[in-house]
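Single-structure report; data block below.
The values are calculated or read from the model by the stated rules, or taken from the named source; none is laboratory data. Values in this document were obtained by computation on a predicted structure and should not be read as measured data. Every residue, glycine as well, gets a Cβ built from its backbone with ideal geometry; the counts of neighbours run over all protein chains shown.
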Amino acid sequence: MRVSILQAVLIGILYYLTVANSPWFTGLASVSIHQPIVAGTIVGIILGEPKLGLIIGATINTMYIGFISAGGAVASEPGMAGIVGTTLAILSKASPGVAISLAVPFGLLGTVLWNTRM
């Protein structure tokens, strides 16, 4: 499956909207989009596979059910894990179980980017 420039730009904008400091969506909207189940569904819609995006996003979301950033400590960033993990899993036609192994490194990379941004 090939990704068009428009799809890549829309996925990039989706990640931008998950960032907590985004001026466009604050509060509940950014928190909702930040969840892998929601982000995965939106990525699936963008790539033309909404059902698969929902399944993969829900699988990735199981890792982040208890996610809380107590005291500002961020263990892993669920927004990037959900978006990149779902995108790579859909494009590579991988199973939802493989999506978790794709999402974990990008969640950790998201934490590094988050700390750098702060």
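Scan the range 85-118 for residues that are free of Cβ contacts under 8 Å to residues at least 60 places away in the same chain and closer than 12 Å to V43 by Cβ and the total you get is 5. On inspection, T18 qualifies as under 10 Å from the mean Cα position of the chain (by Cα) and either modelled with pLDDT under 90 or closer than 14 Å to A81 by Cα (or both).
Is it the case that I5 is at pLDDT 95 or above and either surrounded by 15 or more Cβ atoms within 10 Å (Cβ to Cβ) or in contact with a helix residue (DSSP H, G or I) (Cβ under 7 Å, 6 or more places away or on another chain) (or both)? Considered against the rule, which asks whether it is at pLDDT 95 or above and either surrounded by 15 or more Cβ atoms within 10 Å (Cβ to Cβ) or in contact with a helix residue (DSSP H, G or I) (Cβ under 7 Å, 6 or more places away or on another chain) (or both), I5 comes out as no.
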